[in-house]
1. Step by step: first the residues of region 121-174, then only those that are in a loop (DSSP other than H, G, I, E, B), under 19 Å from the mean Cα position of the chain (by Cα) and charged (D, E, K, R), then the one that is farthest from Val46 (Cα to Cα). Which residue is that?
2. For region 1-96, please list each of the helices (runs of 4 or more DSSP H) lying entirely inside it that holds at least 3 residues being basic (Lys, Arg).
3. Hey, could you check region 70-92 for residues that are in contact with a His (Cβ under 9 Å, 6 or more places away or on another chain) and modelled with pLDDT under 90 and say which is surrounded by the most Cβ atoms within 10 Å (Cβ to Cβ)?
4. Mind listing just one residue for me: the one in region 1-52 that is farther than 15 Å from Ser67 by Cβ and in contact with a helix residue (DSSP H, G or I) (Cβ under 7 Å, 6 or more places away or on another chain) and, of those, modelled with the lowest pLDDT?
5. Does Phe127 count as open to solvent by less than 70 Å² (accessible area, probe 1.4 Å) and modelled with pLDDT under 70?
6. Please determine whether any residue of region 131-138 is of a type in the set (Phe, Trp, Tyr) and surrounded by 20 or more Cβ atoms within 10 Å (Cβ to Cβ).
7. Under 6 Å between Cβ atoms, at least 6 apart or on separate chains: pull out the pairs that start in region 133-148 with a residue that is touching a residue at least 60 places away in the same chain (Cβ under 8 Å) and end on any residue that is open to solvent by 20 Å² or more (accessible area, probe 1.4 Å) and assigned to a helix (DSSP H, G or I).
Amino acid sequence: MNELVVIAEGETEQTFVRDQLAAHLALYGTTVWAVLPGRHRGQGGVKKWEVARQDIIRILRERRYCSTMFDFYGLPDDWPGRVKSRTLPWNERASHVEQEIHNDIALAMGGSFNPKFFVPYVQLHEFEALAFADVKALTSVIHPLSKETPERLIGSFTEILDTAGHPEAINDNYETCPSRQIAVVVLHTENGHMVLLSRAASEWMYFVNSVTTSLPG
């Protein structure tokens, strides 16, 4: 049984690996689990490159396979390839960073390193962008949290998707990244005031898992 450790950005990605990816990879003889980067693993978020780098090298030296799951838009500039990626077309940015990350780790591991043990993955731009791959599935999960009709939600999500042109093209701006655009859609008017539906972390993870589960395989 192969062992794969995913260095994940936060609890949402960690839950996706545990609840969705693990069962799939088990069919291929691979056990997978996700950990948050750094020594304080209870705190998610993208850390400086050196923090993730040390975790990756440690896992590889334990003779385990290693991957990553981070949002491109939140990567600090000290991550390999992050600065140059700004000059590239949007659909080349994540793959450029992945290649530069791999190059840096391979250099650190030395000449005997087998590159097949490390497969970096960077999500462009946010994990939540996957929810826009099926706006009807997204609506079915969001609707119980919103006062909007399913038709209006589908229209709102479709407009966001059409404007971007592709789920992964929504986008690398802090105010217009996928998760914030979804949050804006579920804003509703109550007594003349805009009220943001409060959502506990567990509810948010349930939402993402529900959407990704309902997507076509």
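1. Ranking the candidates gives Asp134 first.
2. Numbers: elements: 11-16, 22-26, 49-61, 82-85.
Counting at least 3 such residues, we get 49-61.
3. Checking each candidate, the answer is Asp71.
4. Pass one, region 1-52, residues farther than 15 Å from Ser67 by Cβ: 1, 10-12, 15, 19, 23, 26-27, 29, 38-51.
In the following step, the residues that additionally are in contact with a helix residue (DSSP H, G or I) (Cβ under 7 Å, 6 or more places away or on another chain) were identified as 11-12, 15, 19, 38, 44, 46.
Values: Glu11: 84, Thr12: 80, Thr15: 86, Asp19: 86, Gly38: 78, Gly44: 54, Val46: 74.
Here the answer is Gly44.
5. On the way: open to solvent by less than 70 Å² (accessible area, probe 1.4 Å): yes; modelled with pLDDT under 70: no.
It is false that Phe127 is open to solvent by less than 70 Å² (accessible area, probe 1.4 Å) and modelled with pLDDT under 70.
6. Within region 131-138, the subset of a type in the set (Phe, Trp, Tyr) is 132.
Pick out the ones that are also surrounded by 20 or more Cβ atoms within 10 Å (Cβ to Cβ) and you get 132.
Within region 131-138 (the criterion being of a type in the set (Phe, Trp, Tyr) and surrounded by 20 or more Cβ atoms within 10 Å (Cβ to Cβ)), the answer is yes, since at least one residue qualifies.
7. Close Cβ pairs (under 6 Å, with a partner that is open to solvent by 20 Å² or more (accessible area, probe 1.4 Å) and assigned to a helix (DSSP H, G or I)) amount to Ala133/Pro167; Ala137/Ser214; Val141/Ser210.
The values are calculated or read from the model by the stated rules, or taken from the named source; none is laboratory data. All of these numbers come straight from a predicted model, not from anything done at the bench. A quick note on method: Cβ atoms are made from the backbone with ideal geometry, for glycine too, and the neighbour counts reach across all protein chains shown. To get the accessible areas, we keep the full protein, side chains included, count just its heavy atoms, and leave off ligands, DNA and RNA. Shrake-Rupley method; radii C 1.70, N 1.55, O 1.52, S 1.80 Å.
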